[in-house]
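Bear in mind these aren't lab numbers, they're just calculated from the coordinates by the rules spelled out. Everything numeric here is computed off the predicted structure, so don't read it as measured data. Please note: Cβ atoms are built from the backbone with ideal geometry, for glycine as well, and neighbour counts cover all protein chains shown.
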Amino acid sequence: MKILHLNYYDIRGGAAIASNRIVSSLNSYNKKNKNILLVFEKKYKNNKIICETSSIDLKINNIKKKISFNLTKFQKIYSKYTHSLNIFNSNLISVIDKIRPDLIHLHWINNEFISIKQIKELSKKGYPIVWTMHDMWPYCGAEHYTNEKRFIYGYSKLNKTKSNYGIDLNRYIWELKKKFWKNINFEIICPSKWQFNNVKKSSLFSKNNAHLVPLGIDIKKFKNYKKKAAQKKLNLDSNYKYLLFGSTESPKNNRKGLDLLIKILNKDFFKKNNFALLFYGEVEKYYKNKINIPYYNLLNIKENDYKKMSLIFSSIDMTLVPSRIESFGLIALESLACKRPVITFKKIGTSDMIIHKKNGFLANYLDMESFYRGIKWYYSLGDQKKEKINNFCKTITLKNFEIKKMSKRYLEIYKNLHAKTK
């Protein structure tokens, strides 16, 4: 069986990292099947990843993206979360037809990689389609994330929010999806209970088969180093207690909750007890000026630099995930693999990984005082209890999130779907 995975990027962003890892694991786990990753933008040399994009294709796509981006401005919506239209056709179908896969697995397919209408064309050609929900875009309108409930009830003039005072592009894109996808039997994969519940409530996908399959991790690639040694390797001052926050998204998009985190990091507790914030990704000058404890910016880390990531996680005490919305949260899983607990909120995708006070702390949703209590809880423990929690982080990762186990579940879904559509 030949499975073709589609993702816009090869390694940039959480969906790209996840799809890259699962394709690699599937090919190692079962060599009878061939899993291929087809991308539009390829950053790293890898013979197992196909990229048929020419320089002309890139230029055309850049024009499409600019048009789409400018169109979203007419919506005049309050949300700073990403919006995608996927209204322009691409040459992707001809590339797929040359590969002739037995089934197609969609991951993150935005940036005009393929149009909404072309997904219907793939189905009409007889390609069975599996789709992993890396964000909310597949079952929403143009939004990748939203706190609104329009995806449940359908997008209408009546439930358009007053804060969206422009053209209702979200409704237009949702209507396109409804029109072209109504007879497609997508096989949906949800990486978290939060996503699974959304899919089963959604107007577009509620009748489709949905499977709860977390994102996996190859735990052998994440090593545990002694904390002081890891800090020395990273040129970090070993006198500090390090907390980690990471995001590849711009802080202008407040989904990851850095603005919420700063509110508690400026409490006297953190100054008096020698804390420092370690972070990677983009941080606006605005936020830098608001952080009143020492901070170290590791900038952007290569997504396949497992040694560097292992050193970072080994150098910290815990990882902080104060996201308002999170589909899964790979940074949390990577932290647990390196024996570092995670503080996060209930009611988001990351909460699936955390057993309260066993490998982290589940704060009440968006309650930063509860989040603060979670940090203080860990530091109130004795060394033996901390070590027990740290060890349990890796135990739970091996038990529930080892990528070979996820590969087995993916393979079962592929086999069942292929058998049904023969």
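Determine which aspartates and glutamates satisfy two conditions relative to K201: a Cα distance under 20 Å, and not lying fewer than 8 residues away in the same chain.
D135, E143, E148, E175, E187, E326, D352
I355 versus D218, label points 7 Å from Cα toward the beta carbon: distance in nm?
Using points 7 Å along Cα→Cβ, the separation is 2.7 nm.
Can you sort F88, F345, F222 from fewest to most other Cβ atoms within 10 Å of each residue's own Cβ?
Fewest to most other Cβ atoms nearby, the residues stand as F88, F222, F345.
Give K45/K308; K226/K256; K120/K200; K34/K221; K177/K207; K263/K357 a once-over and call out the pairs whose C-alpha atoms are over 25 Å from each other.
Pairs exceeding the cut-off: K226/K256.
May I ask you to derive the relative contact order of the chain, considering only C-alpha pairs under 8 Å and at least 6 residues apart, and to give it as an integer percent?
14 percent.
State the Cα centre-to-centre distance between the stretch 34-72 and the stretch 357-422 in whole Å.
33 Å
Where does each of 193-200, 412-419 land if you order them by average Cβ count within 10 Å, highest first?
Highest-to-lowest ranking by the protection proxy: 193-200, 412-419.
Hey, rough spin-label estimate for K386 and N400, points 7 angstrom out along Cα→Cβ, what's it come to in nanometres?
2.4 nm
Residue by residue, what Karplus-based ³J(HN,Hα) values in Hz, rounded to whole numbers, does the stretch 209-219 have, using 6.51, -1.76 and 1.60 with θ = phi - 60° and x for Gly and Pro?
Couplings: 5, 10, 10, 8, 10, x, 5, x, 9, 8, 5 Hz.
Give me the net charge for the shell around L169: Cβ to Cβ below 12 angstrom, other residues only, Lys and Arg +1, Asp and Glu -1.
+1
Which of rounded, prolate or oblate describes the stretch 219-401 when judged by the alpha-carbon gyration tensor and an a/c cut-off of 1.5?
Rounded, because the longest to shortest axis ratio a/c is under 1.5.
Could you list the residues of the stretch 332-355 with an amide nitrogen less than 16 Å from a label point located 7 Å from the Cα of T248 in the Cα-to-C-beta direction?
From the stretch 332-355, the list is 332-335.
Scanning the chain for helices, which whole DSSP H stretches are 15 Å or more long along the axis (Cα) and average -1.0 or more by Kyte-Doolittle?
Qualifying helices: 14-29, 55-73, 169-181, 368-379, 403-420.
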